[in-house]
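First comes the structure, then the notes that go with it.
The values are calculated or read from the model by the stated rules, or taken from the named source; none is laboratory data. All figures in this text were calculated on a predicted structure; none of them were measured in a lab. Neighbour counts are summed over all protein chains in view; Cβ atoms, including those assigned to glycine, are modelled from backbone coordinates with ideal geometry.
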């Protein structure tokens, strides 16, 4: 039964590890943080990181597999990252075989070459010196702004050839703790430091200094590696966790920048956050007092207003909410806003101000035009001409408020015909004439407009217009 249980467990681990490998690290994170990855995933790759790998040369079974996984891991790193590779072995061989450096194609090849040259299965493991190498790597110039990730692949057995199996005294570890604490103070992203302890199974293990490492570094994430497939799965998980950490770090930094420079605007009667390229917090919930302030400015019961809405600055308070991402990232807690300034446009009247002004302007023009039609009264000016083809033109002076012309003044008229001409001013037509023919009809002498002044009917005529009756052409006078 025990044998069957072990087989079943092995099969389950294979299925689990195979499932992990079927997805990329980004896809694993996206399963949990879909909105966050979609919004910030690409930009998070710009967050610089520093990777420190510790490889135990005493490990014979998993050593080559560890080297291969590290090579594959480093190949995927972007150029703005840093990397350090530390070899853990006897005291004289425990060192940085790849000192802290920026990732470049050349460095990637160098790491591959160094890892391939490691001879696994050797005797000796100086965990104390290895710890100091990690601290030195963390304190290297130029890495203070990077997120530090440390990966220790070891069984954590302390052994020095010639001295045997033992764990150094506590004071040695305390000394390293003091050194680490000093280095940690210079790390800008010290709160994001992640140390992963990947324990390699050693059935004949004589001692264990893992607790001493925790004394030096504080929290270490422990993981046990018992097979090649599980190691591959662990690397996928490691890459997912790194991606997760970089993404979280990026989002929190952007949130901090946004919240240190908040701008509120009026968007169609609502106070909202000003649009920006990268926005973590996007919802503003005003408190009741601020809602009332805004409502007083944005709502109006005025019927008319002659002036456009003006800008008014007020202070509002409320809560910023990262509604899209807070369920995925609990770190994005609601942010309280106090006395935040915002400029609002006062509400327009029920009849828009521009329409009110237009109506007022039309009304004023109408009043002025009406007054103009009666003050001063219209008077005739100039001459009126009477012309018959082949005969001399008769020209008569016009003045006053009325002139009447008959056959006694104009010999071309029939004896029973007369024409009365009065000046007037109309609201729309402006200066014009009122003509009234007696015993005949006048016809407007133009090809465009067909108009007739009927017998004994008052008809509006333009100044200087030309009319005709019985072959007599009449050119009307002007008005002053």
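Values computed for the structure shown
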{"read-out": "Residue in the range 394-414 that is part of a strand (DSSP E or B), touching a helix residue (DSSP H, G or I) at 6+ places or on another chain (Cβ under 7 Å) and within 14 Å of residue 478 (Cα to Cα) present", "value": "no"}
{"read-out": "Only one of 270, 258 that is more than 24 Å from residue 69 (Cβ to Cβ), within 37 Å of the chain's Cα centre (by Cα), without any contact (Cβ under 8 Å) to a residue 24 or more places away in the chain and surrounded by 15 or more Cβ atoms within 10 Å (Cβ to Cβ)", "value": "258"}
{"read-out": "Selection within the range 119-176 - under 54 Å from the mean Cα position of the chain (by Cα), at positive phi and surrounded by fewer than 20 Cβ atoms within 10 Å (Cβ to Cβ)", "value": "142"}
{"read-out": "Given (1) crowded, with 17+ Cβ neighbours inside 10 Å; (2) over 30 Å from residue 64 (Cβ atoms), index of the condition residue 236 fails", "value": "(2)"}
{"read-out": "Where a residue in the range 363-389 is part of a strand (DSSP E or B) and its partner, wherever it lies, is surrounded by fewer than 14 Cβ atoms within 10 Å (Cβ to Cβ) and at pLDDT below 90, with Cβ under 9 Å and at least six apart", "value": "380/480; 381/480"}
{"read-out": "The range 191-215, residues that are modelled with pLDDT under 90 and loosely packed, with under 15 Cβ neighbours inside 10 Å", "value": "191, 201, 203, 204"}
{"read-out": "The one condition in (1) over 19 Å from residue 233 (Cα atoms); (2) modelled with pLDDT under 85 that residue 15 fails to fulfil", "value": "(1)"}
{"read-out": "Residue identified as in the same structural domain as residue 395 (by TED's automatic domain parsing), assigned to a strand (DSSP E or B) and either at pLDDT 95 or above or more than 60 Å from the chain's Cα centre (by Cα) (or both) among 436, 446", "value": "436"}
{"read-out": "Single residue of 59, 26, 65 found to be surrounded by 14 or more Cβ atoms within 10 Å (Cβ to Cβ) and either modelled with pLDDT of 85 or more or under 30 Å from residue 276 (Cα atoms) (or both)", "value": "26"}
{"read-out": "Residue within the range 172-187 that is assigned by TED's automatic domain parsing to the domain that holds residue 45, under 25 Å from residue 66 (Cβ atoms) and in contact with a strand residue (DSSP E or B) (Cβ under 8 Å, 6 or more places away or on another chain) present", "value": "no"}
{"read-out": "Search result, residues across the range 283-296 that are surrounded by fewer than 17 Cβ atoms within 10 Å (Cβ to Cβ) and in contact with a strand residue (DSSP E or B) (Cβ under 6 Å, 6 or more places away or on another chain)", "value": "283, 285, 287"}
{"read-out": "Wholly within the range 17-93, helices (runs of 4 or more DSSP H) carrying at least 1 residues that are under 22 Å from residue 192 (Cβ atoms), touching a strand residue (DSSP E or B) at 6+ places or on another chain (Cβ under 9 Å) and assigned by TED's automatic domain parsing to the domain that holds residue 192", "value": "63-75"}
{"read-out": "Odd one out for residue 323, checked against (1) touching a helix residue (DSSP H, G or I) at 6+ places or on another chain (Cβ under 9 Å); (2) surrounded by 14 or more Cβ atoms within 10 Å (Cβ to Cβ); (3) assigned to a loop (DSSP other than H, G, I, E, B)", "value": "(1)"}
{"read-out": "Residue within the range 309-317 that is in contact with a strand residue (DSSP E or B) (Cβ under 6 Å, 6 or more places away or on another chain), surrounded by 13 or more Cβ atoms within 10 Å (Cβ to Cβ), modelled with pLDDT of 85 or more and in a loop (DSSP other than H, G, I, E, B) present", "value": "no"}
{"read-out": "Test for residue 134: is it closer than 15 Å to residue 84 by Cβ and in a strand (DSSP E or B)", "value": "no"}
{"read-out": "Exclusive hit being surrounded by fewer than 17 Cβ atoms within 10 Å (Cβ to Cβ) and touching a helix residue (DSSP H, G or I) at 6+ places or on another chain (Cβ under 9 Å), set 345, 358", "value": "345"}
